[in-house]
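Okay, so here's the structure we're looking at.
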Amino acid sequence: MLDRFRVTGRSLVVAALATALTATGLIAPAPAGAAVTQAQLALRWAPIHYQDVDATGSHALSGRSDYITKVDFDGDLNGRNNWDRTGQAGVSLAAHAYYSVVETGTHWYLTYLFFHPRDWTDHPFFETEHENDGEGVLLVVERDGSDYGVLRAAVTVAHADFFSYTPSGSTWSSGRESVDGTLQLQSSPHDGFLHPVTAQEAKGHGLKAYPQYNINGDGLVYYPSTVAETPSSGDDRDVRYQLIDIFAAGGLWAQRANTSLFAGAGTFAGDDSGDCGAGTYDCTTNSANAPWGWDDGNDLPGRGQLATDPAKVAVEYFTIPGTLSRTYTANSYLG
């Protein structure tokens, strides 16, 4: 059962996480015995993330096009210059990922976004590329009275399709959608917790549970942390990434009406300037999405509901024993 994944001595672990987060300015000090914050919860369950890297072709930038980073890695919030800026000197490709936490009385819903400035290809026929790329995962954690709850399920985003997973021992099973595999857990050398393990392919960056995608040759292994490291090369197996709250002041959600960053609701702005599309079939525009724009058109949940109404996604995708509340106690997507 998943109970074996719960860590004993939780008060010490919570205190250690609070100390680390406070030291980096992510949260204010909390009194001993206080409930964990959303930032602590997101850090606790953030994935260990395997990223395949392809260094071939000019659009790969020797592998840097497969690094995860933040949307303003180049110092601005203009989505239409990210393709070119990725290859320029002086920009930082330090590792970041975005998160949001939505709550009901029975569950936490944790969404993680991994952003790449390029979705690229080195194939000249029938394949397209585009500026910006945003794919990720929803984790569902049952509130069982423990500090961090019990991980029950995950739904990942691979291009225009969603894939569902459950950890070994989960009480959840297939619902309207079939479970696509087992969500593995792995211990992080940086905090001692067992984290879910996800992976992204090179170039197009579809995201599934490891090892349905895996590193093939060169690759990066990203570990959740309170610091952001830049890979030493395209084959670095210990890179720490820092989490950014989607709802932070001035953050992604606050910028959702910024037409330099978003071309429409939940769609990143991206054009075909520079060499995007050169030597390939085409460079498409405005082709990447933030979590409130993710959609699997073949499934019942609507566009963006993986992030904005995750309880609905959960009941559509899984058979769930016991109680699952559909009433949100915290959901900033809904104001």
Within the stretch 191-209, is there a residue that is over 17 Å from Phe73 (Cβ atoms), open to solvent by 20 Å² or more (accessible area, probe 1.4 Å), at pLDDT 95 or above and of a type in the set (Ser, Thr, Tyr)?
no
From the residues in the stretch 257-270 that are in contact (Cβ under 8 Å) with a residue 12 or more places away in the chain and surrounded by fewer than 17 Cβ atoms within 10 Å (Cβ to Cβ), which one is nearest to the chain's Cα centre (by Cα)?
Ala265
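Could you please give the count of residues in the stretch 31-55 that are at pLDDT below 95 and open to solvent by 50 Å² or more (accessible area, probe 1.4 Å)? Steps first, please.
Start the filter on the stretch 31-55 by keeping residues that are at pLDDT below 95, which leaves 31-35.
Within this subset, residues satisfying the condition of being open to solvent by 50 Å² or more (accessible area, probe 1.4 Å) are 31-33, 35.
Here the count works out to 4.
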Scan of the stretch 75-85 for residues that are open to solvent by less than 40 Å² (accessible area, probe 1.4 Å) and either under 20 Å from the mean Cα position of the chain (by Cα) or modelled with pLDDT under 95 (or both), ordered by number
Gly79, Asn82
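Working only within the stretch 168-193, note down all residues that are of a type in the set (A, V, I, L, M, F, W, C) and closer than 19 Å to Gln212 by Cα. Don't jump to the end; show me each part of the working.
Within the stretch 168-193, the first condition is being of a type in the set (A, V, I, L, M, F, W, C), and the residues that meet it are 172, 179, 183, 185, 193.
Scanning the stretch 168-193 gives Val179, Leu183, Leu185.
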Given the structure, is Tyr281 among the aromatic types (Phe, Trp, Tyr), open to solvent by 40 Å² or more (accessible area, probe 1.4 Å), modelled with pLDDT under 95 and touching a Phe, Trp or Tyr at 6+ places or on another chain (Cβ under 7 Å)?
yes
Which condition breaks for Trp292 when tested against (1) open to solvent by 50 Å² or more (accessible area, probe 1.4 Å); (2) at pLDDT 95 or above; (3) among the aromatic types (Phe, Trp, Tyr)?
(1)
Which of the residues belonging to the stretch 308-323 are farther than 22 Å from Gly181 by Cβ and either open to solvent by less than 10 Å² (accessible area, probe 1.4 Å) or more than 19 Å from the chain's Cα centre (by Cα) (or both)?
Ala311, Lys312, Gly322, Thr323
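If you take the residues in the stretch 140-189 that are of a type in the set (Lys, Arg) and within 18 Å of Thr106 (Cα to Cα), which one is most open to solvent (accessible area, probe 1.4 Å)?
Of the stretch 140-189, the ones of a type in the set (Lys, Arg) are 143, 152, 176.
So of that shortlist, the ones also within 18 Å of Thr106 (Cα to Cα) come out as 143, 152.
Working: Arg143: 86, Arg152: 25 Å².
Ranking the candidates gives Arg143 first.
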Considering only residues of the stretch 56-74 that are open to solvent by 50 Å² or more (accessible area, probe 1.4 Å) and in a helix (DSSP H, G or I), which is nearest to Ala269 (Cα to Cα)?
Arg64
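Do any strands (runs of 3 or more DSSP E) entirely within the stretch 115-229 hold 1 or more residues that are within 24 Å of Tyr328 (Cα to Cα), and if so, which? Give the derivation first.
On the way: elements: 128-142, 150-158, 161-167, 185-187, 194-200, 207-209, 219-225.
Counting at least 1 such residues, we get 128-142, 150-158, 161-167.
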As an exercise: evaluate Thr104 against (1) among the polar types (S, T, N, Q); (2) touching a residue at least 12 places away in the same chain (Cβ under 8 Å); (3) open to solvent by 10 Å² or more (accessible area, probe 1.4 Å) and give the number of the one condition it does not meet.
(3)
Looking at the stretch 86-97, is at least one residue open to solvent by less than 10 Å² (accessible area, probe 1.4 Å) and part of a strand (DSSP E or B)?
yes
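The values are calculated or read from the model by the stated rules, or taken from the named source; none is laboratory data. The model shown is predicted, which means the values in this text are computed figures rather than measured ones. No Cβ is skipped: glycine too gets one built from the backbone with ideal geometry, and neighbour counts run over all protein chains shown. With ligands, DNA and RNA removed, areas are computed over all heavy atoms of the protein, side chains included. Shrake-Rupley method; radii C 1.70, N 1.55, O 1.52, S 1.80 Å.
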